[in-house]
Each structure stands twice: as structure tokens, then as C-alpha cells.
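So the structure is just underneath, and the comments pick up after that.
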Amino acid sequence: MFPADDVWNRDVSAAPVDPRSDAVLAFMGASFRNLHADFGANPAYGIPYVVVPGSQPRVPMTFLYAGESDPGPYPYPPDLPIQGGPGAAGDRHAIVLDRDACVLYETYDTHWTGSGYRTGSGAVFDLHSGALRPDGWTSATASGLPILPGLARYDEAVESGEIRHALTFTSGLAARAWVHPATHYGNSSDANAPPMGTRLRLKAGFDLSRFTGASRVVLIALQRYGMFLVDEATEGFAAISGATDGRWDDRDLDQLKGVPLSAFEVVQLPAVHTR
């Protein structure tokens with residue numbers, strides 16, 4: 001997804017470490033937080049998405065945060081899969097990819113009304129261009145980043161055996177600032193809080209020899225492409241975002257819990273934008 005030279009697809013294994021890496025990671029809880037796969041075989045875990053043709057009928061959309069949302073209509077089917085399931089509470093993300101136009105539609109707090117959808121916010125991304133959202137704008141995530149391009153997907157991690165793009169994660173609080181490709185801020189005023197869009201990279205010297213299967217593929221991708229901070233979270237771990245898929249092997253993914261956040265470093269940050 002996105003052009004081959006886009007920041008999402010950039011190998012950052014040799015990129016400089018940010019001078020404030022240790023301080024940022026200390027704020028993030030590197031001394032006690034480990035990785036965690038925020039997806040698995042349970043269909044209530046992960047974030048679902050659906051691919052539709054360009055002929056998919058468009059439906060009207062309403063947004064709570066209309067000022068930072070891309071207007072409808074969106075090509076959302078009535079049986080659109082919702083994060084957590086139809087009756088779920090929580091974020092209720094929904095994702096549709098128009099495969100013919102190569103355009104991505106994503107929403108937060110998504111509810112079918114009988115004729116369209118009522119949502120918290122909505123964002124549209126042209127995957128041909130990689131264009132960012134306006135500075136200061138959110139998306140279906142607090143960071144303004146898209147969801148689908150940063151998900152660990154079964155077809156890549158297991159069927160292809162390779163992930164060739166950055167992943168995303170949620171963890172703790174983010175600063176009231178952002179770095180591109182993010183465009184929106186978090187809630188912490190601490191000087192060492194990470195801006196939204198902070199890119200972490202698994203250190204090259206971290207030993208992967210004991211890891212197997214999809215977990216090993218994920219960790220190799222984290223050494224090459226890293227992971228973007230996409231949203232805040234209250235859990236005591238760094239949660240890697242992944243797609244809902246009943247074929248995931250939870251025993252395989254549990255290996256990620258043995259990777260401490262202290263095994264990561266902050267890739268040198270681009271210009272920091274503040275609210």
C-alpha cells in the first residue's frame with residue numbers, strides 16, 4: 001500500500017537513532033512493558049476490513065467530528081464488519097478498501113442506521129499518493145494515521161512469510177504533538193512523551209533465533225521497518241495492531257509477549273509539530 005518510496009514502505013534498519021530515544025522509551029515504560037499482539041484467532045480481536053469493487057453502492061455518512069472528517073458517501077455495505085463484532089463497545093473501527101480506485105475508507109465508532117452509517121470520525125486515503133491529512137486533523141485513529149496499511153495481516157505474515165512495511169502500535173500516553181506521517185496529537189504534557197507518529201525500531205542486535213512462525217516474521221519487520229505510534233492505550237503493554245483473522249495461531253503470537261519494549265529504539269524523529 002502507498003507508493004514504493006513512501007515512508008510506510010521505507011527500510012529504516014540503518015536510520016539514525018533519535019538523541020532522546022532513552023528518555024522517550026523510559027516515559028513509555030520500557031522497563032516494564034512488553035509487546036502484545038492485539039489480534040488473534042478470536043474474531044473479537046484485531047481490526048477487520050473488507051475489500052469491495054468500485055461498483056459498491058455508496059451510502060450517506062454522519063460524523064460526530066465532522067470538521068476533521070472526509071465527507072461521504074462511503075462504499076460501506078450494510079453488513080460491514082465492525083471491530084469487536086456488531087454489538088461491541090469500544091472503538092468500533094471499520095475499514096473498506098475500494099480495490100479498483102485504490103482508495104481506503106476508515107471510520108471510528110461506526111453504527112449502521114438502516115440507510116447509512118453514524119460514526120465518530122471518518123477518513124479517506126488515496127493509496128496511490130500517500131498524501132497526509134491536514135496538520136491538526138485526526139482520522140479513525142487519534143494520530144491521523146490510517147489503520148489498514150499498518151496492520152499485521154495473515155496473508156503477509158503466514159502465507160507470504162514477509163511483511164514489507166511499517167506496523168503500528170498503541171501504548172500509554174502520547175505528547176500533545178505529532179511527527180509526520182501523523183497529523184494529530186495526544187494528551188500528555190510531559191517533555192519526554194512520544195509525539196504521535198513516533199517510529200520505534202527493534203534493535204538489530206536483538207536475538208531472533210528462538211522465535212518462529214508469524215512472530216518471527218513480525219519481529220523481522222520491526223527491525224527493518226519499525227512501528228508507528230498510532231494511538232494511546234491504558235493497557236500495560238505495547239499492543240501491535242493486526243487484522244482480524246480466525247487462522248491466526250495464538251500460541252505462535254504469544255511469543256511476542258517475551259519481547260520487552262527496552263529492546264527498541266526511537267528512529268530519529270522528523271520535525272515535531274505542536275498543537
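The values are calculated or read from the model by the stated rules, or taken from the named source; none is laboratory data. Quantities reported herein were computed from a predicted structural model and do not represent experimental measurements. Cβ: placed from backbone, ideal geometry, glycine included. Neighbour counts: every protein chain shown. These area figures cover heavy atoms from the full protein model, side chains too; ligands, DNA and RNA do not enter into them. Shrake-Rupley method; radii C 1.70, N 1.55, O 1.52, S 1.80 Å.
Points to keep in mind about this one:
- Matching residues in region 168-193 - criterion: being over 15 Å from GLY144 (Cβ atoms), within 15 Å of the chain's Cα centre (by Cα) and either of a type in the set (Ser, Thr, Tyr) or assigned to a strand (DSSP E or B) (or both): PHE169, SER171
- Filtered residues of region 94-108 (kept if open to solvent by 50 Å² or more (accessible area, probe 1.4 Å) and either under 17 Å from the mean Cα position of the chain (by Cα) or more than 28 Å from PRO3 (Cβ to Cβ) (or both)): TYR108
- Here PRO43, PRO60, PRO86, PRO73 are screened, and the one residue that is without any contact (Cβ under 8 Å) to a residue 40 or more places away in the chain, more than 21 Å from ALA142 (Cα to Cα) and not acidic (Asp, Glu) is PRO86.
- All of ALA23, ALA15, ALA37, ALA4 fail the test of being of a type in the set (A, V, I, L, M), surrounded by fewer than 18 Cβ atoms within 10 Å (Cβ to Cβ) and either closer than 26 Å to VAL158 by Cβ or without any contact (Cβ under 8 Å) to a residue 24 or more places away in the chain (or both), apart from ALA4.
- Residue in region 170-185 that is farther than 19 Å from THR234 by Cβ, touching a Gly at 6+ places or on another chain (Cβ under 9 Å), buried (at least 24 other Cβ atoms within 10 Å of the Cβ) and among the hydroxyl-bearing types (Ser, Thr, Tyr) present: no
- Look at (1) without any contact (Cβ under 8 Å) to a residue 60 or more places away in the chain; (2) open to solvent by 40 Å² or more (accessible area, probe 1.4 Å) and you find that ASP252 fails only one, number (2).
- Answer from GLY205, GLY246 - the residue that is assigned to a loop (DSSP other than H, G, I, E, B) and out of contact with any Pro (no Cβ under 9 Å at 6 or more places or on another chain): GLY205
- Checking SER139 against (1) open to solvent by 10 Å² or more (accessible area, probe 1.4 Å); (2) under 19 Å from the mean Cα position of the chain (by Cα); (3) small (Gly, Ala, Ser), the condition it does not meet: (1)
- When residues in region 72-93 are screened for being farther than 27 Å from ALA41 by Cα and either surrounded by 21 or more Cβ atoms within 10 Å (Cβ to Cβ) or among the small types (Gly, Ala, Ser) (or both), 3 of them pass.
- Residue match in region 218-229 (condition: modelled with pLDDT of 95 or more, under 17 Å from ALA152 (Cβ atoms) and open to solvent by 40 Å² or more (accessible area, probe 1.4 Å)): yes
- Matching residues, region 30-70, being farther than 16 Å from ASP91 by Cβ, in contact with a helix residue (DSSP H, G or I) (Cβ under 8 Å, 6 or more places away or on another chain) and hydroxyl-bearing (Ser, Thr, Tyr): SER31
- When residues in region 255-275 are screened for being surrounded by fewer than 19 Cβ atoms within 10 Å (Cβ to Cβ), at pLDDT 95 or above and part of a loop (DSSP other than H, G, I, E, B), 3 of them pass.
- Subset of region 143-164 (residues that are open to solvent by less than 30 Å² (accessible area, probe 1.4 Å) and either in contact with a helix residue (DSSP H, G or I) (Cβ under 8 Å, 6 or more places away or on another chain) or at pLDDT below 95 (or both)): PRO149, GLY150, ALA152, GLU156, ALA157, ILE163
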